[in-house]
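Undergrad: First the structure, then my questions, so here it is.
The values are calculated or read from the model by the stated rules, or taken from the named source; none is laboratory data. It should be emphasised that the depicted structure is a prediction, and the values quoted were computed from it without experimental measurement. Using ideal geometry, Cβ is built from the backbone for each residue, glycine included, and neighbour counts are taken over all protein chains shown. In case anyone asks, the SASA skips ligands and DNA or RNA and just uses the protein heavy atoms, side chains included. Shrake-Rupley method; radii C 1.70, N 1.55, O 1.52, S 1.80 Å.
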Amino acid sequence: MIAGVVLTLLSAFSSAQAHEIRPAYLELKETAPGRFIVLWRTPVMSGMRLPVVLKLPDDVRNLKDPVVQELTDSLVERRWVETGRDGLNGKRIEFPGLQLTITDVLARVHLLDGTESTTLVHPSKGWMEITGSRGLLPVAATYTLLGTEHIGFGIDHLLFVLALLIIANGTMRLLKTVTAFTVAHSITLALATLGFVHVPSKPVEATIALSIVFVALEIIRRREGRDGIASRAPWIVAFTFGLLHGFGFAGALSEIGLPQNHIPAALFFFNVGVEIGQILFIAIVLAVIAAARRVRVQLPRWAELVPPYAIGSIAMFWVVQRVASF
């Protein structure tokens, strides 16, 4: 039963990973009355730029030619514009093509009077209206949603959690294991985001994949009657590798950026969003398994090995792929 559930989830989340998941990013910084520096970044997926375009109000004019920089994962465009005496307050910025994607646009506006606003623009409403600072609530809502989306599309993190669910039998063991993972990745997420620790992203991503392989092997060893450290104390493994996963979360957050006036709040609510997504995933898995147990189907004994081999094979592919990209 668990084999069927796991394979179904693997298929669903592997498909989800193929979609664009990083938000486009717009930053407007007012440097003088009516003058702005514009930073516009669109993700590149599989070598193709997403079909999202930035459309500023008609009365905005360029002060000099835009500068475009091609990165491996995004296309960055910088503009220097003039908006006139009225500035951008109350004006609409549009994102043609956004409705054709499942990507959001994270927009951050810094005005000359020191106020700033953060907005998350969704495909269902592909435009935003410039306003002054709206306080902490929009930042909280934006970064909570970003954290939930990140864990929801982060199949490597979810596969690790799934492997922990399989190996941590019992309610108390599961609670201790999930808590240890949460505490660990919260620590390194904060340290890395605030600049106290810096770890190169590519080795971190490869090691995260390797951590999934390790837990998958531990599941196989337990099925063979040889309990390893992950079987005896899964919370220790969850905490140890959770530190690594926190660096992975920090890498995603560094791409998004933090509002300067609300750095602690944005960091906190991003982590809250990650936890919400993680809890939802665990609840769905447990609910599906509980429903599957009501169906009396006799499976062969070898079916117990399907989940760890499937998880380990996918993770090992990521290890090779990520090491090759160094």
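Undergrad: If we sort 158-167, 215-224, 286-295 on the protection proxy, mean other Cβ atoms within 10 Å, highest first, what's the order? Working shown, then result.
TA: Values: 158-167: 24.2, 215-224: 19.2, 286-295: 11.5.
Taking the mean over residues of other Cβ atoms within 10 Å, the ranking is 158-167, 215-224, 286-295.
Undergrad: What do you get for Rg/Rh of region 128-213 when both radii come from the Cα atoms and Rh is the Kirkwood radius? Provide the component values of the computation, followed by the final result.
TA: Working: Rg = 16.6 Å, Rh = 15.6 Å.
Reported Rg/Rh (Cα atoms, Kirkwood Rh): 1.07.
Undergrad: A further question on this structure: Evaluate the charge dipole of region 65-179 about its Cα centre and quote only its size in Debye, nearest 20, assuming +1 on the Cβ of each Lys and Arg and -1 on the Cβ of each Asp and Glu. Mind showing how you got there, number by number?
TA: Values: 10 positive and 13 negative charges, 101 e Å.
With Lys and Arg at +1 and Asp and Glu at -1, about 480 debye.
Undergrad: Treating only the Cβ of Lys, Arg, Asp and Glu as charged (+1, +1, -1, -1), what charge dipole size does region 230-311 show about its Cα centre? Round to the nearest 20 debye. Walk me through the numbers on the way to the answer.
TA: Numbers: 5 positive and 3 negative charges, 112 e Å.
The calculation lands at about 540 debye.
Undergrad: Which of the following values of semi-axes √(5λ) of the Cα gyration tensor in Å was calculated from the structure shown: (1) 43, 19, 18; (2) 42, 23, 16; (3) 32, 24, 20?
TA: (1)
Undergrad: I'd like to know which of Thr101, Leu63, Ile289 lies farthest towards the positive end of the charge dipole of the chain, counting +1 on Cβ of Lys and Arg and -1 on Cβ of Asp and Glu.
TA: The residue sitting most towards the positive pole is Ile289.
Undergrad: Just want to confirm a number: the relative contact order over the chain, from Cα pairs under 8 angstrom separated by 6+ residues, in percent. Write down the numbers at each step before the final one.
TA: On the way: 547 pairs, mean separation 65.8, N = 326.
Taking the mean separation of contacting Cα pairs over the length of the chain, I get 20 percent.
Undergrad: Beyond 16 Å, what share of the Cα-Cα pairs of region 60-168 remains, rounded to the nearest whole percent? Intermediate results must be reported in sequence, preceding the final value.
TA: On the way: 4304 of 5886 pairs.
Of the Cα pairs, 73 percent sit more than 16 Å apart.
Undergrad: Could I ask something else about it? So between Leu112 and Ala32, what do we pick up on full extension, going 0.36 nm a residue minus the alpha carbon distance? Provide the component values of the computation, followed by the final result.
TA: Values: separation 80, 0.36 × 80 = 28.80 nm, distance 0.68 nm.
Full-extension gain reported as 28.1 nm.
Undergrad: In square nanometres, what is one fourth of the surface area of the convex hull spanned by the alpha carbons of region 155-261? If you can, show how the numbers build up before the last one.
TA: Values: hull surface 28.6 nm².
For region 155-261, the mean projected area of the Cα convex hull comes to 7.1 nm².
Undergrad: Quote the charge dipole size of the chain about the Cα centre in Debye, to the nearest 20; the model charges only the Cβ of Lys and Arg (+1) and of Asp and Glu (-1). List each step's numbers first, then the result.
TA: Numbers: 29 positive and 25 negative charges, 193 e Å.
It works out to roughly 920 debye.
Undergrad: What order do Tyr143, Tyr309 take when sorted by accessible area (1.4 Å probe), most exposed first? Mind dumping the intermediate values first?
TA: Values: Tyr143 0, Tyr309 120 Å².
Highest to lowest solvent-accessible surface, that is Tyr309, Tyr143.
Undergrad: So, counting K/R as plus one and D/E as minus one, what does the shell of residues with Cβ under 14 Å around Val237 add up to? Walk me through the numbers before you get to the answer.
TA: On the way: positive: Arg173, Lys176, Arg221, Arg222, Arg232; negative: Glu218, Asp227.
After counting each charged neighbour, the total is +3.
Undergrad: Turning to a different aspect of this structure: Please tell me the relative contact order of region 176-326 in percent, rounded to the nearest whole number, where contacts are Cα pairs under 8 Å and at least six residues apart.
TA: Numbers: 139 pairs, mean separation 64.1, N = 151.
Averaging sequence separation for qualifying contacts and normalising by length gives 42 percent for region 176-326.
Undergrad: Which of the trypsin sites (Lys or Arg not before Pro) found in region 31-94 are in a DSSP loop and have at most 12 neighbouring Cβ atoms, other than their own, within 10 Å?
TA: Details: sites: Arg35, Arg41, Arg49, Lys55, Arg61, Lys64, Arg78, Arg79, Arg85, Lys91, Arg92; in loops: Lys64, Arg85, Lys91.
Here the trypsin sites (Lys or Arg not before Pro) that fit, given the DSSP loop and packing criteria, are Lys64, Arg85.
Undergrad: Within the chain, how many lysine pairs that are 8 or more places apart, or on different chains, have C-alpha atoms less than 26 Å apart?
TA: Step by step, the pairs that qualify in the chain add up to 9.
Undergrad: Using a Förster radius of 51 Å, what is the FRET efficiency between Arg293 and Lys91 based on their Cβ-Cβ separation? Nearest 0.05, please. Write down the numbers at each step before the final one.
TA: Working: r = 57 Å, r/R0 = 1.12.
E between Arg293 and Lys91, to the nearest 0.05, is 0.35.
Undergrad: Can you check what the net charge comes to around Ala209, using other residues whose Cβ is under 15 Å from the Cβ of Ala209 (Lys, Arg +1; Asp, Glu -1)? It would help to have the intermediate numbers written out before the result.
TA: Numbers: positive: Lys202, Arg322; negative: Asp156, Glu205.
With Lys, Arg at +1 and Asp, Glu at -1, the neighbours total 0.
Undergrad: Could you tell me the distance between the Cα centroids of region 34-101 and region 188-227, to the nearest Å?
TA: 37 Å
Undergrad: Further question on the same structure: I'd like the trypsin sites (Lys or Arg not before Pro) in region 116-178 restricted to DSSP loop residues with at most 14 other Cβ atoms within 10 Å, sorted by number.
TA: Working: sites: Lys125, Arg134, Arg173, Lys176; in loops: Lys125, Arg134.
When the trypsin sites (Lys or Arg not before Pro) of region 116-178 are filtered for loop state and at most 14 Cβ neighbours within 10 Å, Lys125, Arg134 remain.
Undergrad: Moving on. How big is the antiparallel share of DSSP beta bridges in the chain, given as a percent to the nearest 5?
TA: Values: 34 of 40 bridges.
So the antiparallel bridges amount to about 85 percent of the total.
Undergrad: Moving on to the next point. Enter the mean projected area of the convex hull around the alpha-carbon atoms of region 193-326, in nm², rounded to one decimal. Intermediate results must be reported in sequence, preceding the final value.
TA: On the way: hull surface 41.4 nm².
Projected over every direction and averaged, the Cα hull of region 193-326 covers 10.4 nm².
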